[in-house]
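Right, one structure below, let's go through it.
The values are calculated or read from the model by the stated rules, or taken from the named source; none is laboratory data. If you're wondering where the values come from, they're calculated on a predicted model, not measured in any experiment. Every residue, glycine as well, gets a Cβ built from its backbone with ideal geometry; the counts of neighbours run over all protein chains shown.
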Amino acid sequence: MSTTRLGAHDLLALVLDTGSYSSWDEEPVDVRPGPEYAVALASAREKSGVDEAIITGEGLLRGRRVAVVAGEFAFLAGSIGVAASDRLTRAVRRATAEGLPLLAAPVSGGTRMQEGTVAFLQMVRITAAVTAHKAAGLPYLVYLRHPTTGGVLASWGSLGHVTVAEPGALIGFLGPRVYEALHGRPFPEGVQRAENLFAHGIVDAVLEPERVADVLDRALTVLTASRTPAVPSLPTDLDSLVENAPAWDSVVTSRRKERPGIRRLLRYAARDVVPLNGTGAGESDPGLLLALARFGEVPCVVLGQDRRGQTETRPMGPAALREAQRGMRLARELHLPLVAVIDTPGAALSQEAEEGGMAGEIARCLAELVELRAPTLSVLLGPGTGGGALALVPADRTVAAEHGWLSPLPPEGASAIVHRDVSHAPEMAQAQGVRSTDLLRAGLVDRVVPELPDATVEPEAFCRRLGAVLQHELATLLATPDDERHAARLERFAALGQVAEPAI
Ligand SMILES: CC(C)(COP(=O)(O)OP(=O)(O)OC[C@H]1O[C@@H](n2cnc3c(N)ncnc32)[C@H](O)[C@@H]1OP(=O)(O)O)[C@@H](O)C(=O)NCCC(=O)NCCSC(=O)CC(=O)O
């Protein structure tokens, strides 16, 4: 657990460029304090050196102008009353009006008890201001400090596009002391800790204050990158390098354990990668990796099925698709292109998956991807088996690795249905048109990226080749007006299958 409590100004000194902070604060107007509260306010001012529990202002983060709102624990535990809320909401509205990214660093005992219900309802007002900021497409990044509790966690502490927490920080809805007093027993140890929230997909990272600037800088590099990057050209011979190998070769090749997946694609072909964690709402599934990143100059949200996180005993569950929907929401809110990477032997078929709403999550992914106003690109990187793969398919453009393939179930399963054995899998794969080249011909894939001869033996070169294609495709999509791109997407879905030859 954290032993030191960094003051708000100390934190800003660590995060912002030296000497760049300037305050936006006006003198607070205390709300009808009774005599006791007036004494408490006076003593808090003297003890903390600040005039309210919130300080606001602007500064430079690695040279980039940002707005900041931060809690001060030494002032009545950073609790929020009307004056603190006035200041906070004024700063949020100013950040929105000036088009600035907003960094929030709450630390709080929640609603200020001395101000009661009116203070409690300030959380609505603050949420409205933060929501308007996000609706303007502006980044809202949160660093949860020790301790953050009550209505603060239940409003502006939990609304970040990206949320990071201080190591050991107590972060919880109800303070443990209050819980114990109300229930006569202590709250379970370790539950309201930053690390436990990370383990449950509620915060994206746990970071020392000294490391926060680096991560925020990377995140803002992606989030504030130009949405009109130059369109890089592509080598002209890509198509001619693709072989017409039998479908079964692709199935076997794509299943190789060493085949590069989403992680190596990001390592070799992306920059400014900011891994996110979980749904932000209490679930995390290692079968899906969510990140902010750039391919070349082009910023995007990446959601990729991670084969390393999908095993026979723990296949990709419905939480992975809820995590994917978080990525889709981020793309929508920030108008960032979305890259959805398909690489799955299939979603979980189990009691938990059924009870977790697997089929519904697939449907919700499809619905969101059909409707999403941001540019979308799906990538068929490896096996694309069943509904778990389908969930990430719909996009403005689809790119496939040469040995990527897509089918309603594994070819062995198709063989079992038709032939009552699995030995006809190779011919079923061929007949069902699962290969990237079959999908290209059918108009379901727009471009195939060659493997020379197999991504497993040239992982870095292959990932860079694919990365160059992604850059080109994403920049081209960004150059197309939203309405035009969305109309073309709907037409594409409406025409699905209309041009394909019957498979069997
Ligand atoms: C935040 C804490 C874990 C910090 O514990 P610590 O032991 O470090 O510090 P502490 O308790 O001595 O607190 C420091 C000083 O701040 C005061 N203090 C703490 N929380 C306060 C609050 N919400 N309003 C006014 N004062 C508050 C304490 O009385 C104390 O004052 P002094 O120094 O004078 O003794 C604890 O204070 C706590 O559990 N607070 C309540 C958290 C909570 O349940 N909030 C929900 C509120 S309702 C809400 O927010 C609405 C909602 O839930 O939606």
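Taking segment 220-244 as the range and being without any contact (Cβ under 8 Å) to a residue 24 or more places away in the chain and either β-branched (Val, Ile, Thr) or surrounded by 16 or more Cβ atoms within 10 Å (Cβ to Cβ) (or both) as the test, only THR236 passes.
When the helices (runs of 4 or more DSSP H) confined to segment 268-386 are screened for residues that are under 18 Å from the mean Cα position of the chain (by Cα), those reaching at least 1 such residues are found at 318-334, 358-371.
Just so you know, in segment 119-149 the residues that are of a type outside the set (A, V, I, L, M, F, W, C) and within 12 Å of the ligand (Cβ to nearest atom) include one that is nearest to ARG211 (Cα to Cα), and it is ARG145. All of LEU303, LEU372, LEU292, LEU334 fail the test of being crowded, with 24+ Cβ neighbours inside 10 Å, touching a His at 6+ places or on another chain (Cβ under 9 Å), within 30 Å of ALA154 (Cβ to Cβ) and not charged (D, E, K, R), apart from LEU292. Is one or more of the residues making up segment 21-34 without any contact (Cβ under 8 Å) to a residue 12 or more places away in the chain and under 26 Å from the mean Cα position of the chain (by Cα)? Checked segment 21-34: no residue is without any contact (Cβ under 8 Å) to a residue 12 or more places away in the chain and under 26 Å from the mean Cα position of the chain (by Cα).
If you go through segment 225-254 and keep only what is at pLDDT below 95 and part of a helix (DSSP H, G or I), you end up with ASP239, SER240, LEU241.
Being surrounded by 15 or more Cβ atoms within 10 Å (Cβ to Cβ) and modelled with pLDDT of 95 or more is true for just one of LEU61, LEU14. Which residue is that? First the steps, then the outcome.
Numbers: LEU14 fails: surrounded by 15 or more Cβ atoms within 10 Å (Cβ to Cβ).
Of LEU61, LEU14, the one residue that is surrounded by 15 or more Cβ atoms within 10 Å (Cβ to Cβ) and modelled with pLDDT of 95 or more is LEU61.
From the list VAL191, VAL152, VAL215, VAL178, the one residue that fits, being more than 14 Å from the ligand (Cβ to nearest atom) and either part of a helix (DSSP H, G or I) or over 21 Å from ILE80 (Cβ atoms) (or both), is VAL215.
You will find that of VAL124, VAL118, the residue that is surrounded by fewer than 24 Cβ atoms within 10 Å (Cβ to Cβ), more than 22 Å from the chain's Cα centre (by Cα) and without any contact (Cβ under 8 Å) to a residue 60 or more places away in the chain is VAL124 and no other.
Selection of segment 102-117 for residues being over 21 Å from GLU166 (Cβ atoms) and among the hydroxyl-bearing types (Ser, Thr, Tyr) yields THR111, THR117.
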